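Enquirer: First the structure, then my questions, so here it is.
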Amino acid sequence: MARDRAAFAEFVAARSSALQRAAYLMVGDVGLAQDLVQEALTKTYVAWPRLRDPANAEAYTRKAITTTAITWFRKRSWNGERATGAVPDRATGGHADALDVRHSLMQALAQLPPRQRAVIVLRFYEDLTERQTAEVLGCAVGTVKSQTSAGLTKLRDLMGDELDIHDLVTSEGVLA
């Protein structure tokens with residue numbers, strides 16, 4: 001049992017930051033993302049002895065994050081609006097533009113339905129294949145394809161010329 005705890009602690013130390021970033025992209029709120037990761041890690045810890053291969057722990061945790069986020073959004077009557085501080089002036093040049101696009105993308109992601117948001121995050125941020133995304137979400141590959149298409153269409157509608165799909169898939173992009 002002590003060995004299981006040590007292996008779980010190693011997993012948490014190694015993957016917490018990446019899981020936290022993915023959760024943040026799904027829910028758009030740091031505190032809520034932290035709660036989501038904590039909930040998912042609790043579920044993973046409970047299931048740890050049943051995991052046949054500890055290498056599958058990340059996939060298990062990612063699925064717990066995704067399904068828990070979707071459940072949370074279904075349970076509450078969330079209208080998609082979040083309070084923000086002062087609206088920044090439109091910046092010009094380099095890094096400031098990238099931050100502006102990142103902010104716009106985060107706002108646009110927050111407007112997607114939970115399942116579309118999860119698919120976009122898993123496919124483009126986590127860089128999962130359609131099959132892997134389907135496994136995490138517990139759905140068919142065709143559902144992943146249709147949710148990806150619908151999500152990207154809505155992001156394009158919301159962001160217009162600001163959205164460059166290439167930025168979503170590169171490690172240096174706006175989701176990085």
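The values are calculated or read from the model by the stated rules, or taken from the named source; none is laboratory data. It should be emphasised that the depicted structure is a prediction, and the values quoted were computed from it without experimental measurement. As a convention, Cβ positions derive from the backbone with ideal geometry for all residues, glycine included, and neighbour counts pool all protein chains shown.
Enquirer: Is there any pair with a first residue in the range 20-42 that is of a type in the set (D, E, K, R) and a second that is surrounded by fewer than 20 Cβ atoms within 10 Å (Cβ to Cβ) and not in a helix (DSSP H, G or I) whose Cβ atoms are under 8 Å apart and which are 6 or more apart or on different chains, and what are they?
Expert: 29/82
Enquirer: Residues to consider are 110, 91; find the one that is modelled with pLDDT under 90 and within 12 Å of the chain's Cα centre (by Cα). Give the steps one after another, and end with the answer.
Expert: On the way: 91 fails: within 12 Å of the chain's Cα centre (by Cα).
Of the residues listed, the single one that is modelled with pLDDT under 90 and within 12 Å of the chain's Cα centre (by Cα) is 110.
Enquirer: Also: Restricting the search to the range 144-164, which residues are crowded, with 16+ Cβ neighbours inside 10 Å and either of a type in the set (D, E, K, R) or at pLDDT 90 or above (or both)?
Expert: Residues satisfying the conditions are 144, 147, 148, 150, 151, 154, 162.
Enquirer: Quickly run through the range 36-64 and pick out the residues that are surrounded by fewer than 15 Cβ atoms within 10 Å (Cβ to Cβ) and acidic (Asp, Glu).
Expert: 53
Enquirer: Sticking with this structure for a sec: Among the residues in the range 16-27, are any more than 13 Å from the chain's Cα centre (by Cα), charged (D, E, K, R) and within 27 Å of residue 124 (Cα to Cα)?
Expert: Within the range 16-27 (the criterion being more than 13 Å from the chain's Cα centre (by Cα), charged (D, E, K, R) and within 27 Å of residue 124 (Cα to Cα)), the answer is no, since none of the residues qualifies.
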